[in-house]
Amino acid sequence: MLELSAMPLEDLATALEDNSCESSWWLDPATGRVEYCSVDDDVEEFEERDLLNIQPIGSSEAYADMAEFVEGVRAARPRDRLRSAIEGRGAFRRFKDTLFDFPDLQDEWFAFKGRMMRKHAVTWLLSLDLIDAGEADDALAAVERGSQTPQSQATPARAAAALRALYEDRLVEVVVFGSHATGEQDADSDLDLMVVLRDPVSPWDELRRMDDLLWELSQQHGVTISALPLGEALWRTGKVPVLVEARAHGYVAG
């Protein structure tokens, strides 16, 4: 049985996405190595070595990934445009063409697609009993937490960059906490940010200072961004539940 953590999942994901009729991909079940067979190679050599042929995912699975991404887009205008684009024949081409009209979503799509292909890779290995079921379940759960909303990773990073420009050296770090940190967010959840600043800090003054910036970011990304400014000392040692929870389950954005 292969050890999932040592598997080249990116290579396997590439193989599962390759629909070329002139080449093929193969997996060595003993080592987990993924090998490419070009048009100039002899397929029989791969077969004689008892390698497993990797068949690409079907169009229905690829479409399901695309549709899931579209439903996760928070902003109404791009979501509605993309919904229309994926209806009927030619959905994949129209989706790509429409995505070019929304540059902010392109990186999010590629990140989301990468996570989904990782999920397909784990599922494929599990279907052949090549990996431990428990390890596979953990890997699939991690993918689900990271892909519930395609914007969940990009938006905090952009917010952190904007706050860094606002505060410069005063900003210690921006921490995502709450539902977006635990993967329990839904369409109505705020994106909660702990904005840690060098002391001294007046929370009310800092909230007023960030107000226009947070409003603009919320409008751009289709999610309400809420910030809790506080000093570094309080962040490191505070005992109130929200701080304890944020230190335990939050993550640094950007």
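The values are calculated or read from the model by the stated rules, or taken from the named source; none is laboratory data. Because the structure is predicted, anything quoted here is derived from the model rather than measured. So basically every Cβ, Gly included, is an ideal-geometry build from the backbone, and we count neighbours across all protein chains shown. Heavy atoms of the whole protein, side chains included, go into the accessibility calculation; ligands, DNA and RNA do not. Shrake-Rupley method; radii C 1.70, N 1.55, O 1.52, S 1.80 Å.
Numbers for the structure displayed
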quantity	calculated
Residues of the range 211-251 satisfying the condition of being modelled with pLDDT of 85 or more, within 30 Å of P78 (Cα to Cα) and not acidic (D, E)	L213, L214, W215, L217, S218, Q219, V223, T224, I225, S226, A227, L228
Criterion: modelled with pLDDT of 90 or more, part of a helix (DSSP H, G or I), within 30 Å of D188 (Cα to Cα) and open to solvent by 40 Å² or more (accessible area, probe 1.4 Å) - qualifying residue of R93, R77, R81	R81
Qualifying residue in the range 59-73 (condition: in contact with a strand residue (DSSP E or B) (Cβ under 6 Å, 6 or more places away or on another chain) and more than 30 Å from D188 (Cβ to Cβ))	no
Residue match in the range 133-144 (condition: part of a loop (DSSP other than H, G, I, E, B) and open to solvent by 20 Å² or more (accessible area, probe 1.4 Å))	no
Matching helices (runs of 4 or more DSSP H) fully within the range 176-254 where at least 3 residues are among the hydrophobic types (A, V, I, L, M, F, W, C)	203-221, 232-237, 241-249
Matching entry among M1, M7 (being under 25 Å from V143 (Cβ atoms), in contact (Cβ under 8 Å) with a residue 60 or more places away in the chain and open to solvent by 90 Å² or more (accessible area, probe 1.4 Å))	M1
Index of the failed condition, G178 passing every other in (1) on the phi < 0 side of the Ramachandran plot; (2) surrounded by 14 or more Cβ atoms within 10 Å (Cβ to Cβ); (3) touching a residue at least 12 places away in the same chain (Cβ under 8 Å)	(1)
Breaking point among (1) within 20 Å of E17 (Cβ to Cβ); (2) not in a helix (DSSP H, G or I), for E108	(2)
Options S152, S147; residue that is touching a Phe, Trp or Tyr at 6+ places or on another chain (Cβ under 7 Å), among the hydroxyl-bearing types (S, T, Y) and at pLDDT below 95	S147
